[in-house]
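To keep things clear, I will list the structure first and then write my remarks on it.
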Amino acid sequence: MSWKRTYQQYHKETRADRIERGVRALALPAIYQRGEAYLYADAVLEWYIVSTRVREMTAYGLIEGSDEYEAMICIDLSNDTISNTDCSCPYDDVCKHTVALGLKVVQLLRHFEDERTPTYDT
């Protein structure tokens, strides 16, 4: 038995893990770190999620930075990938505001995954 198979038996990657990996892959490392810092500084002021299609989820948020910016991240739930992002800030690529919003979605998913995980008393 290979180590890879053994690892897969003991660690099942969750939807939140896959989406977080997708957010990390979209942004430059420095931008990802800034977005993570925004998340932990509670810079995501308001946010909500809508289901625009059967297998798609879109999150919209108001993120506080040097100004308040409106960010959007669209997640394809059929393969847990990021299909679209947008932000009202002047940065041309995936920005720290979008990363913060994506990580907020990941936090929510982890919360629900934790609630679904059975616990056993010993």
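Structure data summary
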| read-out | value |
| --- | --- |
| So VAL105, is it among the hydrophobic types (A, V, I, L, M, F, W, C) and at pLDDT 95 or above | yes |
| Sole exception among (1) more than 18 Å from ARG110 (Cα to Cα); (2) in contact with a helix residue (DSSP H, G or I) (Cβ under 8 Å, 6 or more places away or on another chain) for ILE75, by number | (1) |
| Enumeration of residues in the stretch 65-93 that are touching an Asp or Glu at 6+ places or on another chain (Cβ under 8 Å), of a type in the set (Ser, Thr, Tyr) and closer than 16 Å to TRP47 by Cβ | SER88 |
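The values are calculated or read from the model by the stated rules, or taken from the named source; none is laboratory data. Quick caveat: nothing in here was measured; it's all calculated off a predicted structure. For neighbour counting, all protein chains shown are included, and Cβ atoms are generated from backbone atoms with ideal geometry for every residue, glycine included.
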